[in-house]
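One structure below.
Nothing in this text is a laboratory measurement; each read-out follows from the coordinates by a stated rule. The model shown is predicted, which means the values in this text are computed figures rather than measured ones. All Cβ positions, even for glycine, are placed from backbone atoms using ideal geometry, and neighbour counts span all protein chains on display.
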């Protein structure tokens, strides 16, 4: 059985850890309120952007454009959004598993890491990495998403990559965060479109472009890619703060339970020590008599 000194030392250490996790929970809660509001406010816009582009192409007929038809490259770019810090439960590992366990061939992938944890994990697994964009996720801004989208589209036009994917965490609510892998380019207009854009049944009017379809797509698709990437950044940050708040709450609860058990052990050891001392005193007194 551990000595009273060992129990007291361990209890003191856990108390210090519990204070740290409690403080981190409070910080994450404050950050979550801010990032949650941003995610809720922007979610509708990015959902409608995705659905509108899909609906537009579904009614446009046959379009001969690289953004729709693709190119001959077998390389696939994956924008992978994780966090720069840990202590967020399974938030970072879930995105890593989503990519590594997907049907995408490892040899064909080029990872565009946005988050140090994801970058470090993919390096360990031996994936090909592009430039590091981890600084973008600290304070997501639309201009950062625009810069990354420009890099991706230039590589796509040059034939260096043939498909573009986004791996991010979809923020549903404070406790539910869903890892998602979304294909951005080439746009598959045959995909099912869910939501208000596709609710009406019956024949739809064909889509006419003004100016010409090639010029229109050159204007629309970069904004579409930028918007989806930025939406993924906003939702991922909210999900990370929510996951960290839950993880720190669980850690604080576990620390409190361990402290209670150690306090009970300490009191029992102390009671045993006192009983032993009393027994020795009584035995000594009886021996003298």
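The table that follows gives values for the structure above.
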| quantity | calculated |
| --- | --- |
| Euclidean distance between Cα centres, the stretch 1-68 to the stretch 85-151, Å | 15 Å |
| Cα gyration tensor shape for the stretch 53-129, rounded if a/c is under 1.5, else prolate or oblate | prolate |
| Relative contact order computed over the chain (Cα-Cα under 8 Å; 6+ residues apart), in percent | 33 percent |
| Difference of contour (0.36 nm per residue) and Cα-Cα distance, residue 151 to residue 172 | 4.6 nm |
| Shape call, the stretch 91-188: gyration tensor on alpha carbons, a/c limit 1.5 | rounded |
| Angle in degrees between helix 91-100 and the longest Cα principal axis of the chain, rounded to the nearest 10 | 50 degrees |
| Global geometry of the stretch 52-91, whether rounded, prolate or oblate, following the gyration tensor of its Cα atoms and the 1.5 cut on a/c | oblate |
| Cα long-axis angle, helix 213-288 against the chain (0 to 90 degrees, to the nearest 10) | 10 degrees |
| Ordering of 106-116, 235-245, 265-275 by packing [mean C-beta count within 10 Å, highest first] | 235-245, 106-116, 265-275 |
| Gained length - residue 123 relative to residue 9, 0.36 nm times residue gap less alpha-carbon distance | 37.1 nm |
| Equivalent ellipsoid semi-axes - Cα gyration tensor, the stretch 219-277, angstrom | 56, 5, 4 |
| Residues 171, 46 arranged by fewest to most Cβ contacts within 10 Å | 46, 171 |
| Separation of the residue 17 and residue 285 label points, Cα + 7 Å toward Cβ, nm | 4.4 nm |
| Per residue, the convex hull volume that the Cα atoms of the stretch 1-77 enclose (Å³) | 198 Å³ |
| Calculated FRET value between residue 215 and residue 101, using beta carbons and R₀ = 35 Å, to 0.05 | 0.30 |
| Degrees between helix 4-58 axis and first principal axis of the chain (Cα, 0 to 90, nearest 10) | 10 degrees |
| Among 98, 148, 219: highest mean-square fluctuation, GNM of the chain, C-alpha pairs under 10 Å | 219 |
| Within the chain, helix-based [θ] at 222 nm, where runs of 4 or more DSSP H residues each add -39,500 (n - 2.57), nearest 500 | -21000 deg cm²/dmol |
| Bridge type composition, the chain - antiparallel percent by DSSP, nearest 5 | 40 percent |
| Pairwise Cα inverse-distance average, inverted: Kirkwood Rh of the chain (Å) | 22.5 Å |
